[in-house]
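Everything below concerns the one structure shown next.
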Amino acid sequence: INGRGGNASVSIGSDLMVNNGSNLALVGGSSSAARGTNGDGGSADLAVSGSMTVASSDVSVGGGKGGGRIYGRGGDASVSIGSALTTTDTTFDVVGGNGTSGYDASGFLAGNGGSAELMAVGAVSLASSELNVLGGAGGSGYSSGGTQGTGGNASVSFGSSLTLDNATTMSLVAGNGGSETYNGYGGNGGNAVMFVDSDLTMSNGSSLGLV
């Protein structure tokens, strides 16, 4: 009962550089709960006080999957950068954990998907890169009149300009709501939200999508 996944957290007091084929991964633990309630997935948090530079490398920050039979929520994933974010030839993923699914004749309800958030205070410049901010899916379930898991939100907030160059793709995808397989209600989907406080520039075949 209540077998929650552990959290993954890294805090950098100055700048962070990830270069030359490196791989930075933070993943919250998945819940081990089998039949208990509220077996939430662990969160994953990366906080950088200064700037973050990533070149020819991969970064992944992901919340853990919820467990149990009732309300096992997916873990949240967040990245916070106190200055600029610059990437070149990089895949950068921020992904909320999926909520648990419950199929049981007693009418157990599924968990919500975890949220995914990326925030940078300074300018963001992405070149030849792929940035994905994905909310976790709400769990599906079997109930009599209940509502299944809500999809997690996907959000970015940039305190200065955003530049996408050289076939960069940037995707914000909110999590799907969980489906109902008996006599209850499916969960609502999450929200995809983007805030850029200054100029947005896209060039050379770059793309931006919010779903």
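The values are calculated or read from the model by the stated rules, or taken from the named source; none is laboratory data. Remember, it's a predicted structure, so these values are computed and weren't measured experimentally. Counting neighbours? That spans all protein chains shown, and the Cβs are built from the backbone with ideal geometry, glycine included. These accessible areas exclude ligands, DNA and RNA; they are computed on the full protein's heavy atoms, side chains included. Shrake-Rupley method; radii C 1.70, N 1.55, O 1.52, S 1.80 Å.
Among the residues that make up region 173-188, is at least one of them open to solvent by less than 30 Å² (accessible area, probe 1.4 Å), assigned to a loop (DSSP other than H, G, I, E, B) and of a type in the set (A, V, I, L, M, F, W, C)? Yes, region 173-188 has at least one match.
Checking each residue in region 22-32 for being open to solvent by 30 Å² or more (accessible area, probe 1.4 Å) and either out of contact with any strand residue (DSSP E or B) (no Cβ under 9 Å at 6 or more places or on another chain) or in contact (Cβ under 8 Å) with a residue 40 or more places away in the chain (or both) picks out only S30.
Sort through S125, S206, S155, S161 and tell me the only one that's surrounded by fewer than 17 Cβ atoms within 10 Å (Cβ to Cβ), over 15 Å from G72 (Cα atoms) and not basic (K, R). Give the steps one after another, and end with the answer.
Numbers: S125 fails: surrounded by fewer than 17 Cβ atoms within 10 Å (Cβ to Cβ); S206 fails: surrounded by fewer than 17 Cβ atoms within 10 Å (Cβ to Cβ); S155 fails: surrounded by fewer than 17 Cβ atoms within 10 Å (Cβ to Cβ).
S161 is the lone residue from the list that is surrounded by fewer than 17 Cβ atoms within 10 Å (Cβ to Cβ), over 15 Å from G72 (Cα atoms) and not basic (K, R).
Based on this model, can you work out whether T169 counts as open to solvent by 10 Å² or more (accessible area, probe 1.4 Å), touching a Gly at 6+ places or on another chain (Cβ under 9 Å) and over 30 Å from A55 (Cβ atoms)? Considered against the rule, which asks whether it is open to solvent by 10 Å² or more (accessible area, probe 1.4 Å), touching a Gly at 6+ places or on another chain (Cβ under 9 Å) and over 30 Å from A55 (Cβ atoms), T169 comes out as no. In region 128-152, the residue that is most open to solvent (accessible area, probe 1.4 Å) out of those that are of a type in the set (A, V, I, L, M, F, W, C) and in a strand (DSSP E or B) is L134. For the condition within 13 Å of the chain's Cα centre (by Cα) and crowded, with 24+ Cβ neighbours inside 10 Å, G66 does not qualify.
I'd like the residue in region 160-172 that is assigned to a loop (DSSP other than H, G, I, E, B) and either at positive phi or of a type in the set (A, V, I, L, M) (or both) and, out of all such residues, is farthest from the chain's Cα centre (by Cα). Give the derivation first.
The initial filter retains those residues of region 160-172 that are assigned to a loop (DSSP other than H, G, I, E, B), namely 160-161, 166-168.
Of the ones still in play, those that are also either at positive phi or of a type in the set (A, V, I, L, M) (or both) are 166-167.
Values: N166: 25, A167: 23 Å.
Restricting to residues being assigned to a loop (DSSP other than H, G, I, E, B) and either at positive phi or of a type in the set (A, V, I, L, M) (or both), the top hit is N166.
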